[in-house]
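No lab work stands behind these numbers, since they all come straight from the coordinates. If you're wondering where the values come from, they're calculated on a predicted model, not measured in any experiment. Here Cβ is always computed from backbone atoms with ideal geometry, including for glycine, and neighbour counts include all displayed protein chains.
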Amino acid sequence: MMRRIDPREAAEYYLGHFRPDVNKYDRGRVFVIAGSRGMSGAAILSARAAMRAGGGLVYSVLPAGLLPVVAAALPEALKCPVGESSSAHFTAGDAKRLKELARRADAVVLGPGLGRDESTLTLARELLADPEFAPEAMALVLDADGLYAFKERAAELKAAAALRRGRIVLTPHEGEAAALLGIAAAEVKARREECVRALAELLDGGVAVLKGRETLTSYVGPHGAEMFVNTTGNPGLATGGSGDVLAGMIAGLTASDRAREGNCQPLANIVNYGAALHGLAGDMLSARHGERYLTAADIIEGLGDIRNYAG
């Protein structure tokens, strides 16, 4: 049974208050492991989205060669350069350092702009296969090139998810979903519900997000596969970096959930709220400026308009 994500509920969640005695540690540590030469923007967008979504401390974990660019763009984030000062991408040799850095992470984003150097892809698989990587994280959001690392390696992804029961979130578009499942993108487009369910079945309770027109989310709960559809959003969101923003938002919302007044939410609910808020910010911006105007950075700033949402 398909259920619709309620945008009003998502807006109320985003606008909910934090506890009066909350501090930045209560709002959670988000580690964004992202970026490579030519794709530092992905790291910036994802980290900034995690901040706007509520993360208390956001760590931009990046190849050291990108530090000058990222440091200038993200004054509020803690910068964690990895590798030699000239490093343009992560390599398999960075695994030990990344595990040390992420030991206390409450949420992790892995993948935006990582690049497809074989050593980088090997690193992504190694991190996911090690239970000591981000052992306390409530969500590990695998996006973009982090997903590509598991192209036609569904069995490896399933094994990694079993180490983190109910904590993996996948955020593929149709092409990335096709690569994970080993089928054509056209087949995913034609059978979206079946494909997002197949992805969810790999995750041992984690959440699969299939981006696109009416984004779908799915997870396998005690009573079988659950599926949701998001009806916010518009074609203006079809722009580079939009997915990086969504990944950061999901991580920031997850890390800060326990700092809210009221009960903590299950990961699946938080992911659904993230999808709805992402689209809602785009809808409110396009209503003012038109769909052609939107960039990924605008989506982040558009979260500030959520308070004006009338439902």
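Does residue 196 qualify as being touching a residue at least 24 places away in the same chain (Cβ under 8 Å), buried (at least 24 other Cβ atoms within 10 Å of the Cβ) and either part of a strand (DSSP E or B) or in contact with a helix residue (DSSP H, G or I) (Cβ under 9 Å, 6 or more places away or on another chain) (or both)? So residue 196 fits the description; yes. Evaluated against (1) farther than 28 Å from residue 257 by Cα; (2) surrounded by 24 or more Cβ atoms within 10 Å (Cβ to Cβ), residue 68 falls short on exactly one condition, (2).
Looking at the range 33-55, which of the residues that are of a type outside the set (A, V, I, L, M) and touching a strand residue (DSSP E or B) at 6+ places or on another chain (Cβ under 7 Å) is farthest from residue 18 (Cα to Cα)? Among those residues, the one meeting the criterion is 36.
Filtered by the rule that a residue be assigned to a helix (DSSP H, G or I) and in contact (Cβ under 8 Å) with a residue 60 or more places away in the chain, the range 56-76 gives no residues.
Rundown of residues vs (1) surrounded by 17 or more Cβ atoms within 10 Å (Cβ to Cβ); (2) of a type outside the set (A, V, I, L, M, F, W, C), yes/no style:
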| residue | (1), (2) |
| --- | --- |
| 81 | yes, yes |
| 109 | yes, no |
| 112 | yes, yes |
| 156 | no, yes |
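Scanning the range 116-149 for residues that are closer than 23 Å to residue 38 by Cβ, crowded, with 21+ Cβ neighbours inside 10 Å and more than 16 Å from the chain's Cα centre (by Cα) returns 120, 121, 123, 127. Residues in the range 28-48 that are in a loop (DSSP other than H, G, I, E, B), surrounded by fewer than 24 Cβ atoms within 10 Å (Cβ to Cβ) and not hydrophobic (A, V, I, L, M, F, W, C): 37, 38. Each residue in the range 162-186 was checked for being within 19 Å of residue 216 (Cβ to Cβ) and in a helix (DSSP H, G or I), and 10 of them qualify.
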